[in-house]
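Please read the structure below before turning to the comments.
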Amino acid sequence: MRLLILTNTLDCLGENDAPISNAFRRLGWEVIFGELNSISADDYRFSTRGVLVPQNAEPYHPGCAAGGDRNAYFLDECQLVWIMSHPQHRVSLDIWQMLWLASQNTSFVNSVEGLVFLTPKHALGYVVPRTNRALSYISNEFSLLWDRYQATSDQWWVVKPPNSTCGQNVFLLTPNGPNVRAILQCLTGNTAAHKDSYGELGGFKAEYTVLQQYIPEVVHGEKRIIVACGEAVAWHGRLGHPHDHRSNIVLGGKPIPADLHRDEIELAESVGRKLMAHGINFAGIDIAYPYIIEINLVNPGGLHDLQLASGVDRSDNVAELIIAHFKKNSSS
């Protein structure tokens, strides 16, 4: 049996690339690391440039390179494909289109449709119950978001692009904040300034932005829960940087050990089951109970962070659940 992990670069494996590959190898699978942005078609048969992990290779760790000779590997020669990165913007449309076509003949751990259309910040209202999510407005019109902000003068808000990751361009808006108007103008594309400077020659500049009610429960602790095939398998707390409202690990947050109570597990697993209905079998869910703050579908951190925080490795549990799920589906 063969797993193809599609990642951004073979020279620096990600925090899921390494532990997931180690777990599948321990269970007797061959593992190939393929370059996501090198997908190509040979008479409409899709392949990628990649490396087959040697059987006697030492376990990998995040940050190491996938050593070995690089060859072309056809996706239809693999039993499972796992997308662990976003395609580069310039080629993303072509990559997603070819991957979707490849997925018609090969099983993907997370479906292409789910990864493309269940964009987490847009899809929260679809997969999360109303009582467990924050009020949000999404628009590319500055005036609409500015009016919503002004209408609640005592409310704190968070504003962010809907397709950003790792805490990029996420701002906390305080009541009557002096920079709020400028921030909203910036995140929606500074359309008025562009039109005034360049007229219609400037082209379409509007950008979408999410204005989301700030959840004060975040102050008391946010948890990342990894859900595999609808089951909560790993979790940790996140301690934010003392000078930042964001708790993203990449931006200075720290993973800490944490326990989950029954209600948190039930909420995370109910969302996991909803995601499974759309082919998403591995996700990271951020909870500040009773609220779900974010859902991460492509390469969600959590397994490596849990190991850093508590020394616990749950990658074997993930691999076993994924393998059992696809074996069951292939035999039914």
Long-range amide H partners of residue 78 with built H, under 5 Å: none
Rounded to whole Hz, the Karplus (6.51, -1.76, 1.60) HN-Hα couplings of the stretch 127-137, x for glycine and proline: 9, 10, x, 4, 6, 10, 9, 7, 4, 9, 10
Ratio Rg/Rh, restricted to the chain and using Cα atoms, in which Rh is the Kirkwood radius: 0.99
For the chain, built as a Gaussian network whose Cα springs stay under 10 Å, the top-fluctuating residue of 185, 104, 307: 104
Residues of the stretch 89-180: accessible area per residue with a 1.4 Å probe, Å²: 55
Under 5 Å, built H, 5+ apart or other chain: amide partners of residue 189: 207
Carbon plus sulfur fraction of accessible area for the chain, probe 1.4 Å, in percent: 50
In nm, spacing of pseudo-spin labels at residue 71 and residue 269 (7 Å Cα→C-beta vector): 4.3
Per-pair calculated FRET efficiency, R0 = 22 Å: residue 2 and residue 329 via Cβ, rounded to 0.05: 0.80
Karplus-derived HN-Hα couplings along the stretch 284-291 (A = 6.51, B = -1.76, C = 1.60, θ = phi - 60°), whole Hz, x at Gly and Pro: x, 10, 9, 10, 10, 3, x, 9
Two-decimal Rg/Rh across the stretch 96-150, once Rg and the Kirkwood Rh are taken from alpha-carbon atoms: 1.18
Among beta bridges that DSSP assigns inside the stretch 16-166, antiparallel share in %, nearest 5: 85
Nearest-0.05 FRET efficiency for residue 220 and residue 27, computed from C-beta distance (R0 30 Å): 0.20
Above-threshold pairs, the threshold being 29 Å between Cα atoms, out of 121/327; 254/327; 223/274; 205/274: 121/327; 254/327; 205/274
Theoretical ellipticity at 222 nm over the chain - DSSP helices of four or more residues, -39500 (n - 2.57) apiece, nearest 500: -9000 deg cm²/dmol
Highest-first arrangement of 264-270, 4-10, 53-59, 153-159, where packing means the average Cβ count within 10 Å: 4-10, 264-270, 153-159, 53-59
Phi to ³J(HN,Hα) by Karplus 6.51 cos²θ - 1.76 cosθ + 1.60 over the stretch 307-318, Hz, x for Gly, Pro: 5, 5, 6, 9, x, 9, 10, 9, 5, 5, 4, 5
Pairwise centroid distance, computed over Cα atoms, of the stretch 125-151 with the stretch 6-27, Å: 37
Other-chain or far-sequence residues with amide H under 5 Å of residue 239's (modelled H): 254, 256
Rel. contact order, % - alpha carbon contacts under 8 angstrom, at least six apart, the chain: 17
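The values are calculated or read from the model by the stated rules, or taken from the named source; none is laboratory data. Please read all numbers here as calculations on a predicted model, not as lab measurements. No Cβ is skipped: glycine too gets one built from the backbone with ideal geometry, and neighbour counts run over all protein chains shown. Surface accessibility is based on the protein's heavy atoms, side chains included, excluding ligands, DNA and RNA. Shrake-Rupley method; radii C 1.70, N 1.55, O 1.52, S 1.80 Å.
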